[in-house]
Amino acid sequence: MTASPRRALVTGASGAIGAAISRRLARSGYRLYLHAHSGGERAEALAQQIDAQLLRFDITDAAAVLRALEPVLESGPIQVLINNAGVHDDAVFPGMSARQWHRVIDVNLNGFYNVTHPLLLPMIRTRWGRIVNISSVAALTGNRGQVNYSAAKGALNSATRSLAIELASRGVTVNAVAPGIIASPMSEQHFDAAMIARLVPMQRAGSAEEVASLVDFLASDAASYITGQVISINGGMI
C-alpha cells in the first residue's frame, strides 16, 4: 500500500456480498466509501464498524450519482471501484413485464455506467486503478426465469473486456467476478441442500467471504497483470 491509503468505493454495500467485500478491503487498508440505496441502515452500521463513509444514492439516477461523487472527488481520486450493486426480478420471459426488464437492465448495466464514468478520468490520471464488476453465473450459463438478469450481466461481462482493453496501457485493470450459489438469506429461499448438491460439484454453497477474498486479490498490486477476465467462483458448476 502507499503511504496515503488508496480510496475504494463499493456499491451495494448493504447486501451479503457487498458487506463482505467492504470488510475485507477495510482489513487490507483502503480508505472506504460505501454506497447504499435500499438497506441504508445495514450499510450505516457497517460503515461505523469499519470506519468508512456512507454515500446514499440511486445508481440509476445519473444526476444523483454525480451529486454524491463530485464532493468525494474534490479530495482525490477513487482508485478501486467495486461495482457490486445489482437486482434481479425474475419471471419467465412470456410473463415478464416491461418494468421488470427495464429495471434489471437499468440497475445492473446502466448503473455500472453511471458510477464508473465519472470516476474514470481521475483514476486514469494516477496511472493506477482497479475496477471489479460483480457478475453472475447466470450470465455464463443462462437461467430459467432470468432472461433480464442474464442479459444485463452478460453485457457487463462484455463491457468488462472492452474497457480492460481501453485502459490496459494506463495502469488500470478491469475484471469481473461471477459468483455461483452464495449462501445468503436470499439464496436460501431458492436453493435447498438437495438442489445445491445436484447443481454444485462441491455440493455446498459458497460464502460471501470467499467472493470477497477474490475481489480483494483482484484489487491488489499482486493482480497487476490480470485484466479483461471474467472469473467464476462457483464450486465447479461450469
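Miscellaneous remarks
- A simple count of charges around D58, restricted to other residues whose Cβ falls under 12 Å of its Cβ and scoring Lys, Arg +1 and Asp, Glu -1, yields +1.
- Quick note on the range 1-83: its Rg to Rh ratio, both from C-alpha atoms and Rh being the Kirkwood radius, is 0.94.
- Cα-based convex hull, the range 85-238, per residue volume (Å³, whole number): 113
- Taking the empirical scaling 2.2 N^0.38 Å for compact globular proteins as reference, the range 1-150 has a Cα radius of gyration ratio of 1.08.
- Mean Cβ count within 10 Å, highest first, over the residues of peptides 215-224, 161-170: 215-224, 161-170
- Rounded to whole Hz, the Karplus (6.51, -1.76, 1.60) HN-Hα couplings of the range 214-230, x for glycine and proline: 5, 4, 4, 5, 5, 7, 9, 5, 5, 9, 5, 10, 10, 8, x, 9, 10
- Between the helical axis of 111-125 and the longest alpha-carbon principal axis of the chain there is an angle of about 30 degrees.
- Ordered from longest to shortest, the equivalent ellipsoid semi-axes for the range 111-166 are 27, 11, 8 Å, each the square root of 5 times a Cα gyration tensor eigenvalue.
- From its DSSP helices (H runs of at least four residues, each -39,500 (n - 2.57)), the chain gives a residue-normalised ellipticity at 222 nm of -13500 deg cm²/dmol.
- Euclidean distance of C-alpha centroids, the range 1-41 and the range 166-219, integer Å: 17
Read-outs: derived from the displayed coordinates by stated rules, not from any lab. All of these numbers come straight from a predicted model, not from anything done at the bench. Methodologically, a virtual Cβ is constructed for each residue, glycine included, from the backbone with ideal geometry; neighbour enumeration extends over all protein chains shown.
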